[in-house]
Amino acid sequence: MQEQRLTTRLIAYWEKIKGEDYLPLYDKINPSVIEELWSNCLSLRADPSGVDTFAYTYVHCGQEITKAIGKDLRGQRMTTNMKFFPGAKIIKRIDEVAKQAQPTPLLDDGQFVNEKNQIIKYRACLLAFGSQKTITHVVVGVSWRAF
């Protein structure tokens, strides 16, 4: 029986493209292979912005995530020091992923109210990508329901 949970399937794909490497390269992501998952993903570029801090730029916002949040986040920039930032609840633990000594998938769940005043309950996994021991991107896979 094939696994149905989005987070489990996305982590399996991450582990497959990672292989024996410390981190999988972001360029190894093939959206056509994970098409049904990719529409439920956010991708953020991680740029060092000081000692042990990062600024993030949304580079991918899947159609399903756009529906949940209420807008497309591509091109928007944020840091976790900002009071409010797009997708705040979903990516609140992004710095934990970016600063891990040994990158491992991070699971999270919670809820937020979107721009349409709907309560969104979600389950997410945050996955680090990069080159050698430098994190360049974080991909966040999200399954969600509106109430």
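The values are calculated or read from the model by the stated rules, or taken from the named source; none is laboratory data. The shown structure was predicted, so the numbers you read here are calculated from the model rather than taken from an experiment. Reconstructed Cβ throughout: ideal geometry from the backbone, glycine too, with neighbour counts over all protein chains shown.
Out of (1) within 21 Å of E15 (Cβ to Cβ); (2) among the β-branched types (V, I, T); (3) in contact with a helix residue (DSSP H, G or I) (Cβ under 9 Å, 6 or more places away or on another chain), what's the single condition that is false for I120? That leaves (1) as the condition not met.
Entry remark, the stretch 97-113: residues being closer than 14 Å to Y22 by Cβ and free of Cβ contacts under 8 Å to residues at least 40 places away in the same chain number 4 in total.
Selection of the stretch 105-134 for residues being more than 13 Å from the chain's Cα centre (by Cα) and either aromatic (F, W, Y) or over 14 Å from I69 (Cβ atoms) (or both) yields F112, G130, S131, Q132, K133, T134. Considering the stretch 1-55, and only residues there that are outside any strand (DSSP E or B) and among the basic types (K, R), the residue that is farthest from C125 (Cα to Cα) turns out to be K28. Among the residues making up the stretch 1-41, a single one is without any contact (Cβ under 8 Å) to a residue 24 or more places away in the chain, closer than 18 Å to V140 by Cβ and of a type in the set (G, A, S): A12. Within the span defined as the stretch 71-92, one or more residues are within 23 Å of Y22 (Cβ to Cβ) and modelled with pLDDT under 90.
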